[in-house]
Ligand code: RP5
């Protein structure tokens with residue numbers, strides 16, 4: 001059963017969201033995915049969030065560009081954690097979306113990741129779920145171990161080029 005709900009303002013956001021979706025799959029997590037817009041189809045946003053809570057969704061990821069109100073609107077309908085992903089596709093290259101998402105009014109929080117930070121949104125969602133899931137926490141620890149190993153390998157390669 002999916003525990004994560006991913007919602008994006010347009011299918012044009014998918015290239016940013018997809019790495020996060022793949023990261024969730026790699027961690028053994030499934031997600032419901034929906035295109036719905038805070039401005040163009042607000043009823044669909046509300047129905048997804050309220051219905052999703054009933055289906056067992058525990059964390060929401062919301063990605064949007066430009067006047068990016070989607071994560072805030074999602075957060076207005078739920079007390080579940082909401083992670084906002086600012087998307088860079090606009091003329092302002094995502095700074096508009098970043099400020100729209102991060103400047104939530106006190107009382108309705110959205111955890112905002114970097115511009116185009118789809119993968120980190122997924123990892124943050126996984127960390128939240130891992131608070132109550134020891135097997136998932138172990139998979140996250142393994143992800144970190146492999147990641148650190150990759151950094152070590154890059155350093156060894158650089159040292160070999162510099163000194164070899
Ligand atoms: C936002 O407007 C969407 O999240 C997307 O990032 C942007 C452009 O949407 P499209 O014109 O590609 O549908 O609401």
Going through (1) within 22 Å of residue 18 (Cα to Cα); (2) free of Cβ contacts under 8 Å to residues at least 24 places away in the same chain; (3) over 15 Å from the mean Cα position of the chain (by Cα) one by one, residue 127 fails only at (3)
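Give the residue, chosen from 74, 59, that is within 14 Å of the chain's Cα centre (by Cα) and more than 15 Å from the ligand (Cβ to nearest atom). Give the steps one after another, and end with the answer.
Working: 74 fails: more than 15 Å from the ligand (Cβ to nearest atom).
59 is the lone residue from the list that is within 14 Å of the chain's Cα centre (by Cα) and more than 15 Å from the ligand (Cβ to nearest atom).
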Checking residue 48 against (1) within 16 Å of the ligand (Cβ to nearest atom); (2) touching a residue at least 40 places away in the same chain (Cβ under 8 Å); (3) closer than 30 Å to residue 143 by Cα; (4) in contact with a strand residue (DSSP E or B) (Cβ under 9 Å, 6 or more places away or on another chain): exactly one of these is not met. Which one?
(3)
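Computed from the coordinates by the stated procedures, all read-outs in this text should not be read as laboratory data. All figures in this text were calculated on a predicted structure; none of them were measured in a lab. Heads up, the Cβs are rebuilt from the backbone with ideal geometry, glycines too, and the neighbour counts pull from every protein chain shown.
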